[in-house]
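All remarks here apply to the structure that follows.
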Amino acid sequence: MSHPVPARPEPECLLKGGRVLNLFTGELSPANVLLGGGLILGVGEEFREAPSVYELDGGIVLPGLIDAHLHIESSLLTPGRLAEAVVPRGTTTVIADPHEIANVLGLDGVRWMLQASEGLPLGCLFMAPSCVPASGLETSGARLGPRAVREMLGWERVLGLAEVMDFPGVLAGRPDLVEKISIARQRGRPVDGHAPRLTGPDLNTYVLAGIESDHECVTAEEAREKLRLGMRIMIRQGSQAKNLRALLPLVDSVSVRRCLLVSDDRNALDLWEQGHVDHLLREAVALGLPPLWAVQMVTLNPAEHFGLRQMGSATPGRRADLVVVNGLTEFRCERVFKEGRLVAERGKLLAELLPTPPLRRAMSVSPLTRQAFRIPGRSGWVRVIRLIPDQIETEELVVEGKVRAGELVADPERDLAKLVVVERHRGTGRTGLGLLHGLGLREGALASSVAHDSHNLIAAGVDDTDVLMALRQVVEQGGGLVVASGGGILASLPLPAAGLMSDQPFPETARALRSVNTEAHRLGVRPAHPFSALSFLALPVIPKLRLTDRGLVDVARGRIVPLFVEH
């Protein structure tokens, strides 16, 4: 049976005098690219005329760059402001898991993300959050069950099921989680994973359940085992978790087509100072990855993983999402086209952004008091969360606590800060208390409404008065990041959109983030991104020790453990 050939769109513009990187053959060849109707109509030197012509002067034409796994909220930017940040860098599509806002506002939050990303020069595709909340050991603002997943998978621009973080629930065959995965698989949708350190028979069970990818590998051996079992490996290089150097040995001529480069969590300051997917390309190539492979990992590979048949290569019939770069080491973006329209040139966004839709306030906190942060103490040993540089995993330390006037207190001489998590969705006043090592804080306090994944309030400090002041400021401004010391506020970044995002122009948000980071560093904080490091300390699905509003969580054992160690 013959099928009619669709009508060929009329040519609209020609990219002339460039070179095209062919991702199927590896050739870099002189070619003109003809565009029309939002599609690539032809690639070759024989195409010479169109109503509009762009002279490329030898520039290299690549498919638009795709970030295959990120959380828009972690950029601290609304979708429109993210477009302002990344489109001039060559990113034309992001595949986002909106579980941050879903944990705060539920389905209303996901709907808002879809609405706020409509009509942008950045293609925003989404995965349906699978674990809201991530664990029963924390208090979230919403719970999304199988019915919600089924509804979201029926929405336009929702591709599949987002990272299944509750791998213990998968291994235990928890009915609601199994049903969510089944709903996606029955519809032929991709299912992304999240399984740090999972190995052996448990990993086999996880893959058997239908999980297709993982972005939590920290060693090449771990990643290779997952690759052997058929998973795609997303190599993450974010603001806090940096796995590129450790995982690049995994990539060879066979495995490359099963590997992707992703950012996961990349904040506004890194986007401003370093870039987005273009920065990942520069880093990967500088570490020895062949440019062709690197480009495949942010174009063709993610397009194939998510079934985006019209994306991923600069070939006829594909969507005319293209970026023109100066070379395959610097990857400096000269021009960016979205569906055949020039949307950015020489680092400047040309497309106009629509106003961000309104979003209700997402902050319900009981009155904060100094008494709530008091830890009645006695001489003895206590469990301490230890930060691991450039990772989101933590370690558990057991140290002798410092007790003053019957109260366990911070001890900056030993780099022990008090860690506080306050429930912010239901006004319960529930507060988790613990100690943190590795932050480097000598005085004052940091506080934030960004605390993965339930996004309760989190603070670290060596002085309870400053902790109280910083948290009160976060609440007053409707969310955000705050640095306090000596009874005063040193710097703040308001994040009024769900307590997670700013709608201020991208450069303003980046500068404000740099300011709060600078003030935190002046107080002794060591991590380059203090608030990114702080934000993951409440995530009870990443080993080893975490703090939620319900208490200290031993992730491996999946339960709350006491702060004080009994001998």
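Annotations
- Taken one residue at a time, the phi angles of the range 355-369 give Karplus couplings (6.51, -1.76, 1.60, θ = phi - 60°) of x, 6, x, x, 9, 5, 4, 10, 8, 9, 10, 5, x, 8, 9 Hz. Gly and Pro are set to x.
- Neighbourhood net charge (14 Å Cβ-Cβ; Lys/Arg +1, Asp/Glu -1) for E476: +3
- Remark: relative contact order (the range 108-184) = 33 percent; criterion is Cα-Cα distance under 8 angstrom and separation of 6 or more residues.
- Separation of alpha-carbon centers, the range 295-359 and the range 507-558, rounded to whole Å: 32
- Percentage relative contact order, the range 195-283, counting C-alpha pairs under 8 Å, at least six apart: 24
- Base-10 log of normalised Debye intensity for the chain (one unit scatterer per alpha-carbon) at q = 0.07, 0.11 Å⁻¹: -0.41, -0.97
- FRET efficiency estimate (nearest 0.05) - Cβ-Cβ, E345 to R48, R0 30 angstrom: 0.85
- D (Stokes-Einstein, µm²/s), Kirkwood Cα radius, the range 64-311, 1.002 mPa s at 20 °C: 119
- Förster-model FRET efficiency, 25 Å R0, R557 and D176, C-beta, rounded to 0.05: 0.70
- The label-point distance for R143 and T199, in a model that sets each label 7 Å from Cα toward Cβ, rounds to 3.5 nm.
- Computed E for E221/Q115 - FRET, C-beta separation, R0 41 angstrom, nearest 0.05: 0.40
- Check: the chain dipole with +1 on Lys, Arg Cβ and -1 on Asp, Glu Cβ, in debye: 800
- With the charge dipole of the range 64-311 set up from +1 on Lys and Arg Cβ and -1 on Asp and Glu Cβ about the Cα centre, the Cα lying farthest toward the positive end among the listed residues V132, L248, T205 is that of T205.
- Simple rule: put +1 on each Lys or Arg Cβ and -1 on each Asp or Glu Cβ in the chain, find the dipole, and look at A85, S449, P505; the Cα lying farthest toward the positive end is S449.
- Using the Karplus relation 6.51 cos²θ - 1.76 cosθ + 1.60 with θ = phi - 60°, the per-residue 3J(HN,Hα) values for the range 81-92 come to 6, 5, 4, 4, 7, 9, 4, x, 8, x, 7, 10 Hz, with x marking Gly and Pro.
- Here the range 44-123 and the range 149-165 have alpha carbon centers that stand 19 Å from each other.
- Two-site label geometry, L287 and E273: point separation in nm, points 7 Å out along Cα→Cβ: 1.9
- Convex hull per residue volume in Å³, alpha carbons only, for the range 375-450: 116
- Potential extension, Q310-S366 segment - 0.36 nm per residue separation minus Cα distance: 15.2 nm
- Net lengthening on full extension, Q186/R404 (0.36 nm per residue, minus Cα-Cα): 72.6 nm
- Contour minus Cα-Cα distance for E396 and A7 (0.36 nm per residue): 133.7 nm
- Partner lysines whose Cα lies under 23 Å from the Cα of K418, excluding those fewer than 8 positions away in the same chain, are identified as K402, K544.
- Amide hydrogen neighbours beyond the local backbone of T139, cut-off 5 Å, H modeled: D549, R550
- Using the Karplus relation 6.51 cos²θ - 1.76 cosθ + 1.60 with θ = phi - 60°, the per-residue 3J(HN,Hα) values for the range 212-223 come to 10, 8, 8, 10, 9, 5, 10, 10, 5, 5, 4, 5 Hz, with x marking Gly and Pro.
None of the figures in this text is laboratory data; all of them are computed from the coordinates on show. No experiment lies behind these values; they were computed from the predicted model shown. Positions of Cβ are generated from backbone atoms using ideal geometry, with glycine treated the same way; all protein chains shown enter the neighbour counts.
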